[in-house]
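Below: the structure, in structure tokens.
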Amino acid sequence: MKIVVLAGGISTERDVSLSSGKQVYNALKENGHDVIMLDVYLGYEYGDEEANLSLEDTFTLKRDWAASIGAVSKDNPDIEAIKALRPDGEKNFFGPNVIRLCQAADVVFMALHGENGENGKIQACFDLMGITYTGTDYVSSAMSMDKSIAKDIFKAYGVPTPFGCTLEKYERGTKDMTDMSYPIIVKACKGGSSVGVAIANTKDEYEAALDEAFKYDDKVVIEQYIKGREFSIAVMDGKALPIVEIAPLNGFYDYKNKYQPGATVETCPANIDEDLTKRMQDCAVKGFNALRLSNYARLDFMLDEKTNEFFCLEANTLPGMTPTSLVPQEAKAVGISFNELCEKIVNAAIK
């Protein structure tokens, strides 16, 4: 098959996306496909020597499209520096030849994360252009990306979620938060990879957390902090994979702990009893269906150390496929290699 692995972009998760894309690109190449990897924002410019190269021939070029991609940095990417690489006044989000090459492909593997990757905009565009892609559709992407909408849907369908509320930027200082006691957690509403997320133990920390979250979004979700164990469950084609437990060595499961090797202890299958495992997996499938998800996704949970109740935090519609990512670990626990996992995702998208 001719496959485009689409990564990069201008979200705060750009580096994670490129790392995911590199792993997927290499796996699909090893599986025997004609694969190219594109940065959705920077695209691909044909050189003078390629002036007469057809779109189909581009897929058979003898080059490593992921050669320049390194490990995920512990710091957020410099998005303004990426934007400066494009000509002044350029308004088209898609880089040169991205749409044309995606249309020429049999399928696009969506290795994008965060804004303009998981919020449904690209998926809607691809639907209009007849481009087949991995992951869920534009409606379920948009609902899942907005944590306030996802939270409302979870509550409507009986999926347990932490007590909380939504705060718009213009409401700051006017909305009463006395229903919650510290610690509380503040999240940018449409962020990912825990960017714009902080735990507040005092009023000053709460205000600082709002300052940080509002850098990334004009709306935030504020929740009662659940102290306990953290878990993640991938759902593929409506079935839950084994549960993985996430235990950061320091702090909580933030951007640094997610992508720096050795920063987190991950146990899969999680060391919990059979009854709790089944109930949590069933809840993951319930959340998956409530959000109208398809193909694959990952849902994150907290288990309260005092009450032993679990709560669904959010759904990730394009979960990471980096060397430290959770979905590949869960697949491996049931005997599915990384290359097989990528193949299953592609085949499900085509079906």
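The values are calculated or read from the model by the stated rules, or taken from the named source; none is laboratory data. All values reported here derive from a predicted model rather than from experimental measurement. All Cβ positions, glycine included, derive from the backbone under ideal geometry; neighbour counts span all protein chains shown. The accessibility values were calculated without ligands, DNA or RNA, using every heavy atom of the protein model including side chains. Shrake-Rupley method; radii C 1.70, N 1.55, O 1.52, S 1.80 Å.
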In segment 26-64, which trypsin sites (Lys or Arg not before Pro) fall in coil by DSSP and have 15 or fewer other Cβ atoms within 10 Å? LYS62, ARG63
Mind telling me which of SER294, SER19, SER181 comes out most flexible in a GNM of the chain, alpha-carbon contacts under 10 Å? SER181
Please list 113-120, 215-222 highest first by mean number of surrounding beta-carbon atoms within 10 Å per residue. 113-120, 215-222
Size of the chain as Cα extents on the principal axes (Å, biggest first): 66, 48, 37
Given a 1.4 Å probe, the accessible area of the chain per residue, as a whole number of Å², is 45 Å²
Packing-wise, with mean Cβ within 10 Å as the measure, how do 310-322, 147-159 rank, highest first? 310-322, 147-159
Taking only C-alpha pairs under 8 Å that are 6+ residues apart, what is the relative contact order of the chain in percent? 19 percent
For the chain, set up a Gaussian network in which alpha carbons nearer than 10 Å are linked by springs, and say which option among LEU291, LEU276, LEU38 fluctuates the most. LEU276
Where is the GNM fluctuation largest for the chain (alpha-carbon springs, 10 angstrom cutoff): ASP146, ASP137, ASP211? ASP211
Rough spin-label spacing in nm, given labels placed 7 Å along Cα→Cβ, for LYS169 and ALA84: 2.3 nm
Please compute the length gained on full extension between THR60 and ALA124, using 0.36 nm multiplied by the number of residues separating them and subtracting their Cα-Cα distance. 20.2 nm
Of LYS286/LYS306; LYS239/LYS286; LYS121/LYS344; LYS151/LYS203, which ones are farther than 20 Å apart at the Cα? LYS286/LYS306; LYS121/LYS344; LYS151/LYS203
Only loop residues by DSSP count here, and only those with at most 15 other Cβ atoms within 10 Å; note down the trypsin sites (Lys or Arg not before Pro) in segment 281-313 that meet that. ARG292, LYS306
So, with a 1.4 angstrom probe, what is the percent of accessible area on the chain that is carbon and sulfur? 48 percent
Whole-Hz couplings from phi, Karplus 6.51/-1.76/1.60, listed for segment 24-32; x for Gly and Pro: 5, 4, 5, 5, 5, 5, 4, 6, x
Tilt, helix 338-350 to longest principal axis of the chain (alpha-carbon atoms), in degrees rounded to tens, equals 80 degrees
Under 19 Å from a label point 7 Å along Cα→Cβ of GLN224: give me every residue in segment 268-307 with its amide N that close. 301-307
What 222 nm value per residue comes from the helices of the chain, counting each DSSP H run with n ≥ 4 as -39,500 (n - 2.57) and dividing by all residues, nearest 500 deg cm²/dmol? -9500 deg cm²/dmol
Under the 0.36 nm per residue contour assumption, what length would be gained going from the current alpha-carbon distance of LEU276 and ASP211 to full extension? 19.6 nm
